[in-house]
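Every read-out reported here was derived from the displayed coordinates using simple, explicitly stated rules and does not represent laboratory data. Source: prediction; values computed, not measured. For neighbour counting, all protein chains shown are included, and Cβ atoms are generated from backbone atoms with ideal geometry for every residue, glycine included.
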Amino acid sequence: MTMLPKKTKRRVTMLNRFPCHTPPLDVMLGDLGEPSAGEVGRALGVDRSTVSGWLRRGQAPRPALLALYYLTRWGHSDVHCQAHNDAQTLAMTVEVLRGQLETAMAQLSRLGQIGEFGSANDPTPGTATTPAEPLASGPKHRENRSRTSEATPVSHRKTKRFAHEN
């Protein structure tokens, strides 16, 4: 039994965005309006004779090809496609984060409804507390509250409310 070589996972970096294949040098220069060797040399920071040599051989170093590629319609298309894909990815990320934020805010609001904790490590600082059920008032309810309070000593608003509700 022969073992196949393991595929190495390609790490995603910005360098992976370079095109794998570029059109031939003469095709790219044709797309750019057939500039002279001097114009190409000035744009790339090399001598005119260097560019002339590339044209005679029909090939140029990869860095030069990549620089020219991104000036052509193929390079522009790649850039626009990547920008579009990035925008869609970021829009979806925003939607996911918005949903997570809404969930967290709902949980925080629920904690605020439970009661005021009154401690230094209050999990809901600045959140308005709203009792789940309004406290009863009047002579009849005062008796119930006082009996509950006498049965179980309380010193905190949250505890009083829960003692009253139970």
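Report the paramagnetic label zone for D78: residues of the stretch 36-66 whose backbone N is under 16 Å from a point 7 Å from Cα along the Cα-to-Cβ axis. Under cut-off, by backbone N: 60-66. Taking a sphere under 14 Å around the Cβ of A64 and counting the other residues whose Cβ falls inside, with K and R at +1 and D and E at -1, yields a net charge of +1.
Given a Förster distance of 22 Å, report the FRET efficiency between R57 and F18 from their Cβ-Cβ distance, rounded to the nearest 0.05.
Values: r = 22 Å, r/R0 = 1.00.
Computed FRET efficiency for R57 and F18 comes out at 0.50.
A simple spin-label model places the labels of D26 and E102 6.0 nm from each other, with each point 7 Å out along Cα-to-Cβ.
Share of pairwise Cα-Cα distances greater than 11 Å in the stretch 30-69 is 63 percent (whole percent).
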